[in-house]
Amino acid sequence: QLQLVESGGGLVQPGGSLRLSCVAPENVFRNYALGWYRQALGKQREIVAVILTDGRTNYPDSVKGRFTISRDDAENTVYLHLNSLKPDDTAVYYCNVAQLDLRPRPSYFPWGQGTQVTVTS
């Protein structure tokens, strides 16, 4: 089954850090650009990072310089390092296929359950 599994979320204070993990099926990991998305309560899902199979990355301005996406080819895992977290970063974070230009794709694999990140003092 083509399912991506996210983990690593939690409760953190403003200014804190977290590392999220996404394990993907091998054929997805090897052949697709992967990205991290987030959806805050009452808002639309938005992309926050993308990484290509060759390692190139891109981020929207809202997280640039604070979030870093990386991949571990041996573990079929994509990571999202979140630093300098703000309350506005509170959301459920998901991973799925993505495009370098950060635009919506015509289709996605089934969305996983995501992992909750809550930033509060």
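The values are calculated or read from the model by the stated rules, or taken from the named source; none is laboratory data. Here the structure is a predicted model, which is why all the values come from computation and not from measurement. Every residue, glycine as well, gets a Cβ built from its backbone with ideal geometry; the counts of neighbours run over all protein chains shown. Each accessible area value is taken on the protein alone, full model and side chains, heavy atoms only, with ligands, DNA and RNA left out. Shrake-Rupley method; radii C 1.70, N 1.55, O 1.52, S 1.80 Å.
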Using unit Cβ charges (K, R positive; D, E negative) and no other charged atoms, how large, in debye to the nearest 20, is the dipole of the chain about its Cα centre?
-> 260 debye
Estimate the FRET efficiency between residue 11 and residue 72 by the formula 1/(1 + (r/R0)^6), using the beta-carbon distance for r and 22 Å for R0, to the nearest 0.05.
-> 0.30
Carbon and sulfur atoms: what percent of the 1.4 Å accessible area of the chain do they account for?
-> 45 percent
Express in Å², to the nearest 10, the accessible area of residue 88 obtained by rolling a 1.4 Å probe over the protein heavy atoms while all chains stay in place.
-> 130 Å²
When N is the residue count of region 28-72, what does its C-alpha Rg come to as a fraction of 2.2 N^0.38 Å?
-> 1.22
With the other protein chains left in place, how much accessible area per residue, in square angstrom, belongs to region 1-41 at a 1.4 angstrom probe?
-> 53 Å²
Distance in nm between label sites at residue 3 and residue 30, each 7 Å beyond Cα in the beta-carbon direction?
-> 2.3 nm
Trypsin sites (Lys or Arg not before Pro) restricted to DSSP loop in region 62-121 with at most 15 other C-beta within 10 Å | 64
For the chain, the charge dipole (Cβ of Lys, Arg +1; Cβ of Asp, Glu -1; about the Cα centre) points to a positive end, and the Cα of 104, 23, 3 closest to that extreme belongs to 104
Please give, to one decimal in nm, the separation of the simple spin-label points placed at residue 111 and residue 64, each 7 Å out from Cα toward the Cβ.
-> 2.6 nm
Please report, in debye to the nearest 20, how large the charge dipole of region 50-91 is about its Cα centre when each Lys and Arg carries +1 at its beta carbon and each Asp and Glu carries -1 there.
-> 180 debye
Rg over Rh, two decimals, region 1-102 (C-alpha only, Kirkwood Rh) = 0.94
Between residue 100 and residue 52, what length in nm is gained on full extension when 0.36 nm per residue of separation is reduced by their alpha carbon distance?
-> 16.6 nm
